[in-house]
Amino acid sequence: MAQYDSCAADYVASKKEGFRVDVEYYTFLYRMLLPTLGKEHLTAKLNDVLAGKRVLDLACGDGHYTRKLKEQLGAKEIAGVDISQGMIDIARAKEAENPLGITYQVADAQDLPSPAEKYDIVTAFYLLNFARTSDELKRMVQAIDKQLADKQPFFATITNICGDASTYNTDRHRKYAFIREAALENGRLSDGAEVKYTQFNAADGTSFSYITYYLSKETYERVFKEVGFTHFQWVPMESCPTVEDRAFYDDFIQYPPAIGIIASK
């Protein structure tokens, strides 16, 4: 059973936290997607940013970002893939309630078959941080490579890479409704170290946990290079400048729990 099968509904609720839009989505859209597509100065008509594009959203969960890519950004065709049957069940129920033409599939991102037609864009929000070893990461990246048309971009958001020891085993991120814990050795993490995330739902006071894994920046860069990606870029998180209380996200930016990746061949 996939980790999220037992907490799918709680995880969906956690997507309502403010940082998902004010930091996470803002960074993806304005610091990753638009500049890569040469549309960084676009301030209007976001609903055709992905016009004509076929998109694959890996680790799609309940379709939180899959729907945004289709409904808000205008992807021509989009498919979502997740290893969790529980998550895909929720995604399909939302598609049935509000049909957008999105297809959802239960599959392991390390073992995807080659598509009949490759995708123009592949996204993966919080997928790669579930790779326990560099070999598992390489299988994921190889699978991504098989899905992606030549010279087209891959976008990811991952946890655990950035931030020093002060971002672990503290309540520093508690105000963003999560904490992360890990066994540190001399204030450092070693490849393969388990990182436990506990997320809190303010509405009902419940919490749930899941395990991710640490791999170093050097490991990520090496694996992408080995698979043949010639462009690899880290993109730090940034908060939306128009947020009313931008200072609220100072700890998120100064002690970042997540970072973006742009890669292509």
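Checked against the criterion of being of a type in the set (A, V, I, L, M), closer than 18 Å to Glu24 by Cα and surrounded by 15 or more Cβ atoms within 10 Å (Cβ to Cβ), the candidates Ala79, Ala109, Ala91, Ala124 yield just one match: Ala124. Taking the criterion of being more than 17 Å from the chain's Cα centre (by Cα), polar (S, T, N, Q) and closer than 22 Å to Ser134 by Cβ, the residues of region 172-215 that qualify are Asn186, Ser190. With respect to (1) out of contact with any helix residue (DSSP H, G or I) (no Cβ under 7 Å at 6 or more places or on another chain); (2) buried (at least 22 other Cβ atoms within 10 Å of the Cβ); (3) of a type in the set (A, V, I, L, M); (4) closer than 26 Å to Asn201 by Cα, the lone exception for Val23 is condition (1).
In region 133-146, is there at least one residue being within 25 Å of Thr66 (Cβ to Cβ), touching a strand residue (DSSP E or B) at 6+ places or on another chain (Cβ under 7 Å) and exposed (fewer than 14 other Cβ atoms within 10 Å of the Cβ)? Looking through region 133-146, none of the residues is within 25 Å of Thr66 (Cβ to Cβ), touching a strand residue (DSSP E or B) at 6+ places or on another chain (Cβ under 7 Å) and exposed (fewer than 14 other Cβ atoms within 10 Å of the Cβ).
Of the numbered criteria (1) in contact with a Pro (Cβ under 8 Å, 6 or more places away or on another chain); (2) closer than 20 Å to His64 by Cα, the one Ala156 fails is (1).
Hey, among Ser216, Ser190, which residue is polar (S, T, N, Q) and modelled with pLDDT of 90 or more? First the steps, then the outcome.
On the way: Ser190 fails: modelled with pLDDT of 90 or more.
Of the residues listed, the single one that is polar (S, T, N, Q) and modelled with pLDDT of 90 or more is Ser216.
Among the residues of region 166-181, write down those that are at pLDDT below 90, of a type outside the set (Lys, Arg) and either surrounded by 14 or more Cβ atoms within 10 Å (Cβ to Cβ) or assigned to a loop (DSSP other than H, G, I, E, B) (or both). Of everything in region 166-181, those that are at pLDDT below 90, of a type outside the set (Lys, Arg) and either surrounded by 14 or more Cβ atoms within 10 Å (Cβ to Cβ) or assigned to a loop (DSSP other than H, G, I, E, B) (or both) turn out to be Thr167, Tyr168, Asn169, Thr170, Asp171. Kindly establish whether Thr219 is assigned to a strand (DSSP E or B) and not hydrophobic (A, V, I, L, M, F, W, C). No, not satisfied.
Consider Tyr210 carefully, then state whether it is touching a strand residue (DSSP E or B) at 6+ places or on another chain (Cβ under 9 Å) and not in a strand (DSSP E or B).
When the stated conditions are applied, Tyr210 does not pass them.
Screening Asp22 against (1) touching a strand residue (DSSP E or B) at 6+ places or on another chain (Cβ under 9 Å); (2) acidic (Asp, Glu); (3) touching a residue at least 60 places away in the same chain (Cβ under 8 Å) leaves a single unmet condition, (1).
Quick one: is Tyr11 modelled with pLDDT under 90, among the aromatic types (Phe, Trp, Tyr), more than 13 Å from the chain's Cα centre (by Cα) and not in a loop (DSSP other than H, G, I, E, B)? Considered against the rule, which asks whether it is modelled with pLDDT under 90, among the aromatic types (Phe, Trp, Tyr), more than 13 Å from the chain's Cα centre (by Cα) and not in a loop (DSSP other than H, G, I, E, B), Tyr11 comes out as yes. Could you tell me whether region 226-244 includes any residue that is surrounded by 14 or more Cβ atoms within 10 Å (Cβ to Cβ) and of a type in the set (Ser, Thr, Tyr)? The answer is yes; a qualifying residue exists.
Of the residues making up region 182-206, those that are in a strand (DSSP E or B), touching a residue at least 12 places away in the same chain (Cβ under 8 Å) and not hydrophobic (A, V, I, L, M, F, W, C) are Arg188, Glu194, Lys196, Tyr197, Thr198, Gln199, Asn201, Thr206.
Starting from residues that are among the hydroxyl-bearing types (Ser, Thr, Tyr) and more than 12 Å from the chain's Cα centre (by Cα), keep the ones in region 23-72 and report whichever is nearest to Ala263 (Cα to Cα).
Thr36
Being of a type outside the set (A, V, I, L, M, F, W, C) and farther than 25 Å from Ile179 by Cβ is a property that Ser264 has. Among the residues making up region 47-75, those that are surrounded by fewer than 16 Cβ atoms within 10 Å (Cβ to Cβ) and either of a type outside the set (D, E, K, R) or at positive phi (or both) are Asn47, Ala51, Gly52, Gln72. When Phe229 is tested against (1) more than 18 Å from the chain's Cα centre (by Cα); (2) farther than 30 Å from Lys118 by Cα, just one condition goes unmet, and that condition is (2).
The values are calculated or read from the model by the stated rules, or taken from the named source; none is laboratory data. All values derive from a computational prediction rather than experimental measurement. Glycine gets a Cβ as well: all are built from the backbone with ideal geometry, and neighbour counts include every protein chain shown.
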